[in-house]
Each structure stands twice: as structure tokens, then as C-alpha cells.
1. Nearest 10 degrees is fine. How inclined is helix 209-221 to the longest principal axis of the chain, computing both from alpha carbons?
2. Can you pick out the pairs among LYS196/LYS451; LYS266/LYS349; LYS64/LYS372; LYS56/LYS196; LYS56/LYS194; LYS279/LYS477 whose Cα atoms lie more than 27 Å from each other?
3. Over the range 127-236, what percent of the accessible surface lies on carbon and sulfur atoms, probe 1.4 Å?
4. Which order do the peptides 402-410, 189-197 come out in when sorted by mean C-beta neighbours inside 10 angstrom, highest first?
5. Take peptides 139-147, 339-347 and line them up by average Cβ neighbours within 10 Å, highest first, as a rough protection proxy.
6. Using alpha-carbon positions, what is the distance between the centroids of the range 74-123 and the range 228-250, in Å?
7. What is the sum of charges, Lys and Arg at +1 and Asp and Glu at -1, for the other residues whose Cβ falls under 11 Å from the Cβ of GLN277?
8. Placing +1 at every Lys and Arg Cβ and -1 at every Asp and Glu Cβ, with all other atoms neutral, what dipole size does the chain have around its Cα centre, in debye to the nearest 20?
Amino acid sequence: MAAGAFLNSGSGKDYPGNLTLFVFVTCVVAATGGLIFGYDIGISGGVTSMDSFLRKFFPEVYRKEHADTSTNEYCRFDSQLLQTFTSSLYLAALVASFFASLVTRAFGRKWSMLGGGVTFLFGAALNGAAQNVAMLIFGRILLGIGVGFANQSVPVYLSEMAPARLRGMLNIGFQLMITIGILAANLINYGTAKIKDGWGWRVSLALAAVPAAIITVGSIFLPDTPNSLLERGFPEEAQRMLRRIRGTDDVGAEYADLVAASEESKLVEHPWANIFQRKYRPQLTMALLIPFFQQLTGINVIMFYAPVLFRTLGFGRNGSLMSAVITGLVNVFATLVSVFTVDRLGRRKLFIEGGTQMIISQIVVGTLIAVKFGTSGEGNLSKGYAAVVVLFICIYVAGFAWSWGPLGWLVPSEIFPLEIRPAGQSINVSVNMLFTFAIAQAFLTMLCHMKFGLFYFFAGWVVIMTIFVYLFLPETKNVPIEEMVLVWRAHWFWGRFIEGAPTQNGGRLPKDPNSNVEMNPPAPRRQKQGSNFTLNLGISL
Ligand code: BGC
């Protein structure tokens, strides 16, 4: 077993309580924050492959695409301005997430979500009515601010509301909504591209108002998390909320831990300065590397530019949009796999399996393209050959959808102690957005220059990140969020950064005699109370 795999968290600490219907519903509502992000990701690729849109805003690209009958397929859509349309949103989200962290800490998670929804509504209106590139890009910036606020608050909200044993499943609701948003956008583009008079793109862009309205209205009714209520000085409300969300009065142990975490958090005046302290080095490293790696899987090449990529490969317009719908469907269904396995198999297994699958499929796709297009970019794909390319792209998307997709949001949201959680989550969101921006801005140019080698480039990164997870990412499944420090303290590498009274075995967890691997968190204050969670309505999960 890997050096990083030390904790059998299935036997970890747990608190009494059920998955109540109340928590389930609030988590579903909060997760709809993912819809706005997903809708954005999915909409731009389809819109930028519509002629009427290109003619109006990017006539140069349109001319190049049509008049340039010359040769190199790899460079057909290479345009900085076109890429700016896609990428401007992520730059805005990056900046917004820092402001969002202040709102999240001072006023609670729900106000961040509400702020995100409202700004997004304005962005959608401006985009749908756009008359020139400036309106278009300004609208994208407003959408980006909305995404920055939502992505900052929703994953943390979900992880704080969920009982530890089901945190993975509930948190992945966010990713599931992202994928549903992408698929909805793909389907809408497929329909609106058929509108004869060429205003289909307006419908595509304006319909972003629908997911925005859902999260805006939804967040008004959401309660705040007990963690946040305590942090903001409302202990009674926090305790009441904890009883309500766990469906039991027996919340003393969990509440005591929340209070302890909150007391510690209050000692920290400057979470931004604090996060750079040595003892937070493992969390800081993960907050930087996990989102960086998530984007370096190359997923957004497919998500943003699938229709453009498929057209580059010689698919017709319809075929391109249809293929984007197919990858969108695979994305949604494969995410469901992680929903149901993440709290049983754990995070590490999904990361490693998904990573391996992505490496293999990227190498195959790169090679298939190399064989047909070589370095000159001249060539044609037969129908059968194109179908095989799409198949391997789907295998790749599935690998991402049950590993780096959901876990790229889940793991960072569950590893920070309360005192640095909003700051840590901001770093996570902004690094994610920075590299989403970089890929959106650079992909078409990279494709033009690196050609099929681009797929090998991303495969190389997935090799690196898979090895990183194997060595350095501890298993976090089922560990209560305010107890996560035990996981780091017990890790073969990160343990040296964490202060605190050494436990038995010199600060390490006891080793499993069979595997010689460290096993249990030290001295749980309360043992697990039963392994089945039931909905209050009696539904067993
Ligand atoms: C990533 C996005 C990506 C999406 C695809 C998310 O987790 O952050 O960049 O487009 O997954 O489903």
C-alpha cells in the first residue's frame, strides 16, 4: 500500500444522528449553485461554433474559418479575442472569490450564494441583449463574479451541513449540478443552433438566467450552517440548527467539537496570514495543487471546445454539437458513480483509478489524431474512425467525472480547519479559476502549435498528479471535518509539520499488524454509533 494510505477512516470517529430530510433538501438547493458554473462551461463552446455569433462579434474568425480553405485543421479557430470571450469569466471569478471569502466569514455562507445568484442574473441579461463585444465581455465578467461567489461558498456549505459519513456524497451534489448545467447548455446549443434567423446564440446566453434564478431564490430559504452560526457568535442558534440537521437531541459531542473549533478559530485574527504558518503547510499545498492539477487534466479542452474540437476533426456542425451532448451525458452519469462510491471506496481509490483511465485514453486519442492528421494538420476522418475518437474521449470524460471532477471540489472543502476555511477555499477557487482561464485562453493556440501532442502533454500531467495522490494525499473519507487535523498528523510526510501533543507511537497512528500501515485516528472521543444513516422519513440509505 502507498505511503500515504494509512488511515482506515471507516473506523473513525462519528457522531449520532441521521441524514435528515431537512439536510438532504438544503444540500440539494445549495448544490444548484453548481448549475450556474456548469451552464457557463457548456454554453461558450457551442455559441462560438455558431456562424451568426461569429459573424456578429468575431468576423475575422468567421472569415478565416470560411475563406481559408487551405490546410491546417489544427489552426482553424485560433483567435485571442475568441478565447477572451470564454476566459474572461474565469478571471473575474478568480478576483471575486477573495471578496466572497470575506462575505462568507463575516455574514455566513448563504449570503455569498445569494450574491452570486443575483450578479449572475444581471450577467445573463446583458449577454442575451449584447450588441457588441464589450457588452458581451462585460456580461461574462458579471457571470464570473457570480461563479466566484457560488464556488467559494457552496462546497464549504455542503461539507459543513453533511454528516461525516455522507459528506462525500452530499458534497458531490455540487459537481453533479455542474455536469447537469454543462449538459443542459449542450442541449440548448444543439436546439438554438437550428434557429433560422441566427439569434439562437441570444437564447443560449440569456437562458443562463434560469439556473441563476434557481440559486437566487433557493438561497433565500437556506439556513446557515452551525459552524458558521457559532463562528459569528450565535451559539444557541448553532445548537438548535445542529439538532435540526442531525435529527436528534444527542448532539452534545459534535457541538462540543464545533465549539472547540470555533474557539480556536476566534484566536485567529488574520486567516490570510495564518494559512502560511508551518502547521497549515499540508492544507495550503493541497489548496494550491489540487485545483491546479484538476485543470491540468485538460478536461476543459473537451468541456469548452468540444464542438470546436469536433469540427476541427472534420465533423459537420450538427455532428459536433451532438458529440458534445454525448460527452455531456457521459459526464453526468459517470459523476453518479462517484456519488455512490466516494464514502465507501474513499477518495484515493477514485483518484488513482480515474487518473489511470485518463492517461490511457488521452494517449489513445492523441495517437488516433496523429495517425490521421500528422503534424501538417491535413486529413479527413472516416465515420467509423471518428466514432472511435469520440468513444475514447468519452472514456476519458468518465475517468475525470468520477475522480478529479468531484474530488477537486470535495477534498479542499473538507481539509481546512474552521479558522482558515474561507481563506483556504478562496485559494482553491482562485487557483482553479486561474488555470481554467489559462486553458480557456490558450487551448486553441496550443492546439494550433502542439497539434496532437497536446493530448500527450495533458496525459503527462495526469501521470504526475496520480503519483502525487498516491504518495501525498491521505484518505479523508468518513473523518469528521473538525477532526481532520488527526489525519494530517498521522501522515508519513505531513505529520512533521503539525504541532501538538504526540500521541502513542510518537505522534503516529498505531500500525495495522497485517499491512504495517497506520490505521486508526488516536483516542476518538466517541465511537461510531451505528453504520446506517436513515432519512427521518424512514428511508434507509
Ligand atoms: C471543473 C470544471 C470542469 C467540470 C467538468 C469541474 O469540477 O472545475 O473546470 O469543466 O468539472 O465537469
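The values are calculated or read from the model by the stated rules, or taken from the named source; none is laboratory data. These numbers come from a predicted model, not from an experiment. Because the Cβ atoms are built from the backbone with ideal geometry, glycine has one as well, and the counts that use them run over all protein chains shown. The accessibility values were calculated without ligands, DNA or RNA, using every heavy atom of the protein model including side chains. Shrake-Rupley method; radii C 1.70, N 1.55, O 1.52, S 1.80 Å.
1. Helix 209-221 sits roughly 10 degrees off the main axis of the chain.
2. Check vs 27 Å cut-off fails for LYS196/LYS451; LYS266/LYS349.
3. Here carbon and sulfur together make up 75 percent of the probe-accessible area.
4. 402-410, 189-197
5. Descending mean neighbour count gives 139-147, 339-347.
6. Taking the Cα centre of each part, the range 74-123 and the range 228-250 sit 31 Å apart.
7. That sum, taken over residues with Cβ under 11 Å, equals +1.
8. That gives the chain a dipole magnitude of about 520 debye.
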